[in-house]
Amino acid sequence: MSNDTKIEDYEREPVPQHLRKSWLSMAFVWIAIGIDLSAMFLGAELGAGMSIGDSLTAVVVGSAILGIIGAVCAYVGAKTGLSTAMISRFLFGNKGALIVSVILGISSLGWFGVQVGFFASNFQTALNEIWGWYWSLSVLSIIGGLLMMSTAIWGYRAIEKLSVWSVPLLVVFIIIALVMALNGEGGSTVWAPFEGEAVPMGTAISLVIGIFILGTALSPDIARWAKTPKHAVTAAFIGFFVGNSFMTIIAIFLSRSMDSDDLTGILLTLGLGIPAIIVLTLAQWTTNTNNLYSAGLGFSVVFKRVPKSVITIIAGLIATALACFGIYDRFMTFLTYITMLVAPLGGIYTAEYLLVNKNRFSFDGLDSNRSWIPRSIVVWVIATFFGFMTTMAPDGLGWFEVTQVPALDSFLIAFIVQAIIGKWVVKKG
């Protein structure tokens with residue numbers, strides 16, 4: 001093991017107890033991850049498609065569900081001290097986990113590309129409006145991608161430092177923008193009755209959950225650094241609930257008062273040019289560095305002999321290239337499919353740990369673990385297809401509804417089926 005604690009991130013082993021963190025610093029990390037432009041985008045969509053009361057209800061309910069799911073998943077991460085990709089080895093076998101790790105890595109890279117694209121598009125607008133500069137989206141994507149890679153390369157402790165000082169600054173600027181918007185001429189329109197065909201409540205809640213569901217399934221990547229499971233659960237619930245809801249709720253009020261879904265345009269209209277640049281940069285930086293961080297952890301399980309820092313650099317360059325090709329233009333469709341694939345994973349490992357056999361989650365002897373564990377793979381396929389069946393067309397089959405939240409459907413069915421099959425196999429054995 002390297003003595004260089006600045007770069008050592010324990011991607012393939014439990015985080016040592018003496019390096020574990022308190023709930024407060026971890027909550028800042030999750031809140032920072034939740035404050036991003038995609039949350040603003042979703043908030044604007046909900047604000048334009050629902051009444052103010054219904055949109056706020058959707059955000060609060062969706063974020064609370066995320067908080068609960070995230071807390072349960074974080075508990076497993078804190079108990080094992082391992083990343084999501086490493087935990088998957090207990091569930092799917094050493095070779096089966098490679099498939100899971102690749103999918104998790106690709107998912108995180110996709111999110112990185114989406115966020116870099118959002119950043120480039122909005123930064124282009126800000127530069128043009130403030131100084132009259134016009135930089136191409138490709139150039140801005142490269143700049144943003146390299147910036148966001150810089151923290152991910154150094155691991156969790158660098159992400160923590162970035163989050164602790166950036167969150168208060170972001171909150172201050174965003175609240176200033178909100179107050180100015182509500183005090184303006186459009187402040188009274190916030191509470192105006194909604195006219196037209198509203199977004200169904202189930203769909204709205206699903207979108208709120210979907211925008212951060214990848215984060216709940218990957219929460220062990222952060223929670224493995226918690227001092228105790230209680231610290232992890234507390235930080236995760238606060239982080240997912242506050243982090244996911246804060247920016248989305250702000251966006252609902254801003255979009256309705258300013259009659260716009262363009263965050264950058266809103267900030268510039270309010271005369272907040274430099275703050276707009278700061279918010280754009282920090283919001284995407286704090287979120288996207290974690291996407292790349294999780295991608296690096298996932299691929300580290302696959303490429304065991306390659307240093308995580310090297311994997312992170314290569315993955316970041318690939319994802320930045322995706323941003324240059326405009327992956328963010330397919331944001332909503334991408335979000336739907338990622339939800340279908342990733343949501344069941346959290347249900348599988350939480351059911352196995354909490355209800356089936358937590359003793360198997362031992363790092364000692366993991367290398368001699370079975371190559372494949374078919375029952376978890378079968379559950380994953382079943383739960384993913386179940387989510388596909390409950391997702392409305394054109395992205396899904398839309399055959400029936402359960403909770404009206406496909407992401408929650410697939411998580412719950414994975415949890416239930418994994419528990420039933422797992423208990424049956426254990427009893428039979």
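The rows are residues; the columns are (1) in contact (Cβ under 8 Å) with a residue 60 or more places away in the chain; (2) farther than 20 Å from residue 345 by Cα; (3) crowded, with 22+ Cβ neighbours inside 10 Å.
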residue: 66; (1), (2), (3): yes, no, yes
residue: 71; (1), (2), (3): yes, no, yes
residue: 80; (1), (2), (3): yes, no, yes
residue: 97; (1), (2), (3): yes, no, yes
residue: 103; (1), (2), (3): yes, no, no
residue: 115; (1), (2), (3): yes, yes, yes
residue: 118; (1), (2), (3): yes, yes, yes
residue: 136; (1), (2), (3): no, yes, no
residue: 148; (1), (2), (3): yes, yes, yes
Original post:
In the range 189-204, what residues are at pLDDT 85 or above and either open to solvent by less than 20 Å² (accessible area, probe 1.4 Å) or polar (S, T, N, Q) (or both)?
Top reply: 204
**OP:** Mind listing whichever residues of the range 390-429 are assigned to a helix (DSSP H, G or I) and within 23 Å of the chain's Cα centre (by Cα)?
**Re:** 390, 406, 407, 408, 409, 410, 411, 412, 413, 414, 415
**OP:** Identify, by number, the condition in (1) at pLDDT below 90; (2) under 19 Å from the mean Cα position of the chain (by Cα) that residue 48 doesn't meet.
**Re:** (2)
Original post:
For the range 369-383, does any single residue satisfy the condition of being open to solvent by 40 Å² or more (accessible area, probe 1.4 Å), modelled with pLDDT under 90, in a loop (DSSP other than H, G, I, E, B) and charged (D, E, K, R)?
Top reply: yes
Original post:
So residue 311 fits all but one of (1) free of Cβ contacts under 8 Å to residues at least 60 places away in the same chain; (2) out of contact with any Phe, Trp or Tyr (no Cβ under 7 Å at 6 or more places or on another chain); (3) assigned to a helix (DSSP H, G or I); what number is the exception?
Top reply: (2)
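State the number of residues belonging to the range 215-244 that are in a helix (DSSP H, G or I) and open to solvent by 10 Å² or more (accessible area, probe 1.4 Å).
Counting residues in the range 215-244 that are in a helix (DSSP H, G or I) and open to solvent by 10 Å² or more (accessible area, probe 1.4 Å) gives 10.
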**OP:** Could you list, in sequence order, all residues of the range 394-412 that are buried (at least 24 other Cβ atoms within 10 Å of the Cβ) and over 13 Å from residue 203 (Cα atoms)?
**Re:** 410, 411
**OP:** Kindly indicate which of 36, 54 is acidic (Asp, Glu), at negative phi and within 15 Å of the chain's Cα centre (by Cα).
**Re:** 36
Subject >> the range 360-379 residues that are more than 12 Å from residue 87 (Cβ to Cβ), paired with ones that are of a type in the set (Val, Ile, Thr) and in a helix (DSSP H, G or I) (beta carbon under 7 Å, 6 or more apart) >> reply: 375/421; 375/425; 379/348; 379/417; 379/421
**OP:** Quickly run through the range 297-309 and pick out the residues that are more than 14 Å from residue 146 (Cα to Cα) and of a type outside the set (Phe, Trp, Tyr).
**Re:** 297, 298, 300, 301, 302, 304, 305, 306, 307, 308
Original post:
So which residues in the range 396-429 are within 22 Å of residue 66 (Cα to Cα) and modelled with pLDDT under 85, if there are any at all?
Top reply: 396, 401, 403, 404, 405, 406, 407, 408
**OP:** Kindly check whether there is at least one residue in the range 176-183 that is more than 16 Å from the chain's Cα centre (by Cα), surrounded by 20 or more Cβ atoms within 10 Å (Cβ to Cβ) and over 24 Å from residue 76 (Cβ atoms).
**Re:** yes
**OP:** Could you check how many residues of the range 175-214 are part of a loop (DSSP other than H, G, I, E, B) and farther than 22 Å from residue 110 by Cβ?
**Re:** 11
**OP:** Might you let me know whether the range 122-145 holds any residue that is within 19 Å of the chain's Cα centre (by Cα) and either polar (S, T, N, Q) or farther than 20 Å from residue 48 by Cα (or both)?
**Re:** yes
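The values are calculated or read from the model by the stated rules, or taken from the named source; none is laboratory data. Remember, predicted model here, so these are calculated numbers, not experimental data. Every residue, glycine among them, receives a Cβ derived from its backbone with ideal geometry; neighbour counts consider all protein chains shown. Side chains included, ligands, DNA and RNA excluded: accessible areas come from the protein's heavy atoms. Shrake-Rupley method; radii C 1.70, N 1.55, O 1.52, S 1.80 Å.
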